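Student: Before I ask anything, let me first share the structure, which is written out below as structure tokens.
Bear in mind that the values in this text are calculations on the coordinates, not laboratory data. This structure is a prediction, so every number in the text was calculated from the model and none was measured. Because the Cβ atoms are built from the backbone with ideal geometry, glycine has one as well, and the counts that use them run over all protein chains shown.
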Amino acid sequence: MKRIAILVILVLFLLPSCYLTTNRTVQFYANSTSDVVYGSYLTSIDSINHIFIDLSPPWSLDVEAEKGEYVLLTVSGDLADALTARIYVDGDLFREKNETGVILIQVGGYIE
């Protein structure tokens, strides 16, 4: 009986700590049907608009972020390009947009 009580106490103590983790891995992904992809990404933690230019598609980058942080990805191209912008959080698709016949697409949101 004593072992069961100790086990229950440990479970009750450790279970909430699983939900306290606020670190997230964010992957920005950009693709284009042309030979190059360009655009920018930002996270609200540093508020810097990081620009990527003339990179071979598909392009992706992993960054560390916090729960509640705002993230934004912009992908640019020519009108003839098919553009894709995706944001993954901890490996799961968070936001996605695919367009053809536009020169710019954006996806973003607050990380949960």
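Student: Given the options Tyr110, Leu72, Asn98, identify the residue whose Cα lies farthest towards the positive end of the charge dipole of segment 23-110 (+1 on Cβ of Lys, Arg; -1 on Cβ of Asp, Glu).
Tutor: Tyr110
Student: Stretched out fully, how many nm does the piece from Lys97 to Asn49 gain, at 0.36 nm a residue minus the Cα gap? Write down the numbers at each step before the final one.
Tutor: Details: separation 48, 0.36 × 48 = 17.28 nm, distance 1.95 nm.
Between Lys97 and Asn49, full extension yields an extra 15.3 nm.
Student: Once fully extended, how much extra length lies between Glu112 and Asp78, figured as 0.36 nm per residue of separation less the alpha-carbon to alpha-carbon distance? Don't skip to the end; give the middle numbers.
Tutor: Working: separation 34, 0.36 × 34 = 12.24 nm, distance 3.30 nm.
That works out to 8.9 nm of additional length.
Student: What does the charge count around Val37 come to, taking other residues whose C-beta lies under 13 Å from its C-beta (Lys +1, Arg +1, Asp -1, Glu -1)?
Tutor: My count for the surroundings of Val37 gives -3.
Student: Around Leu104, under 15 Å between beta carbons, what's the net of Lys plus Arg minus Asp minus Glu among the other residues?
Tutor: That works out to -2.
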